[in-house]
Amino acid sequence: MQKNPMIEQLIDAHLNFLNQTFAQSDTVQTEFLSFYHWFRKQSLLQLWSFEQINSLIQKQILQTPASGFLIEQIAEHIKFALIHPANEATQIADIIPVLTIDKIAQYVASKSDHRQRLIKTVVNSPAFSAMISQLIQHSIQDYLDNSVLAKNVPGVSRFMKMGKSVLENVTDTNLDNAVSKYLQKNILKLSQMSETVLNQHFDNQKLYHFQANLWHKIKVMPVSVLKNYIEVQDLPQTVGMGAEIWDFIRQSDYLQQQVHDGVYAWYIRNQERPFDLLLRDLNIDEALIQNELHGLLNPVIQQLIDSQYLRDRARHYLTLFYYSAETLKILNLEN
């Protein structure tokens, strides 16, 4: 394409005008606010469909695995937070509000029906029954074998052994089997007793005071106490296992259906709302645009100008415009 001197001058003049205009910070702020004023009046339904939003989430979150670098960074940030020097001088009460803890304690204590159902489920489970049986058996055996009375009073040890021998002869089995059979026969009764005792011990008032006392013990501890319960050196492994769990869940039909239905429910509730309200849900308003985002965007625009990137891209499209047949006709330069 043969260049025309007049068109080249027009393109340069146009580019100089753009450079001078956008080099002024007020121009960037004015244009961005103008865009915001237009955008805030549009409703969700006018711009994006449910299918577009759901497809983006499904593709970018559920169908795309987290990168290995991101997983490493998560582990590093958790480690950094755990070993931060401020943890030694910061108490737990400094970062957790006591009134909220009290609300939680009252809420948990008030859920007596839920608590009773949980206790019933636990005490009637085979694992709980086995644990109680073994605990009772070990306690009886330990008492018979290590009784202080049997060790310190002459003749008592022989009597205890004789009692054990008699019990073995009567039941025609050893003591362990005798106790085991008794526990198996009476496990339902023991479970019911356990349920009664637990419900009495964890009534609303006692459970509230238990939580309150626990809070008073831990609130003065430094935040660094968390290192006692989290192995810092194992973080790459534990975070990696968490990532494996997420990697499996994100590909499941279950989560994909949950996300689909959740996004759809959100879209139906908000499709008629303008973006002004949707942005306010995220604490984005005009004051933020003016005071914060302008400060972030202006250096970007300035760098685009200084690096000649904006000028080069503008020249590309201006050249296409000025050398188009329609423009040449207007300028009487068709030939």
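The values are calculated or read from the model by the stated rules, or taken from the named source; none is laboratory data. Worth saying up front: this structure is predicted, and the values here are computed from it rather than measured. Note that we place each Cβ from the backbone using ideal geometry, even for glycine, and neighbour counts take in every protein chain shown.
Tabulated data
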quantity	calculated
Options LYS185, LYS189, LYS206, LYS219; residue that is under 17 Å from GLN106 (Cα atoms) and out of contact with any Pro (no Cβ under 7 Å at 6 or more places or on another chain)	LYS206
Residue, nearest to SER125 (Cα to Cα), within the stretch 188-222, restricted to residues that are under 30 Å from the mean Cα position of the chain (by Cα) and of a type in the set (D, E, K, R)	LYS217
Matching residues in the stretch 72-94 - criterion: being part of a helix (DSSP H, G or I) and of a type outside the set (A, V, I, L, M)	GLU72, GLN73, GLU76, HIS77, LYS79, PHE80, ASN87, GLU88, ASP94
Residue in the stretch 279-291 that is aliphatic (A, V, I, L, M) and closer than 29 Å to LEU15 by Cα present	yes
Close pairs from the stretch 75-87: first under 20 Å from MET241 (Cα atoms), partner in a loop (DSSP other than H, G, I, E, B), Cβ under 8 Å, at least 6 apart	LEU82/ILE230
Failed item in (1) β-branched (Val, Ile, Thr); (2) over 30 Å from THR27 (Cβ atoms); (3) in a helix (DSSP H, G or I), with ILE230 passing the rest	(3)
Unique match (being at pLDDT below 85, surrounded by 13 or more Cβ atoms within 10 Å (Cβ to Cβ), part of a helix (DSSP H, G or I) and of a type in the set (Val, Ile, Thr)) among ILE101, ILE132	ILE132
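Per-residue answers, yes or no, for (1) over 30 Å from PHE80 (Cα atoms); (2) touching a Phe, Trp or Tyr at 6+ places or on another chain (Cβ under 7 Å); (3) in contact (Cβ under 8 Å) with a residue 12 or more places away in the chain:
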position	(1), (2), (3)
GLY240	no, no, yes
TRP246	no, no, yes
HIS260	yes, no, yes
TYR264	yes, yes, yes
ARG269	yes, no, no
ARG280	yes, no, no
ASN283	no, no, no
ILE289	yes, yes, yes
LEU296	no, no, no
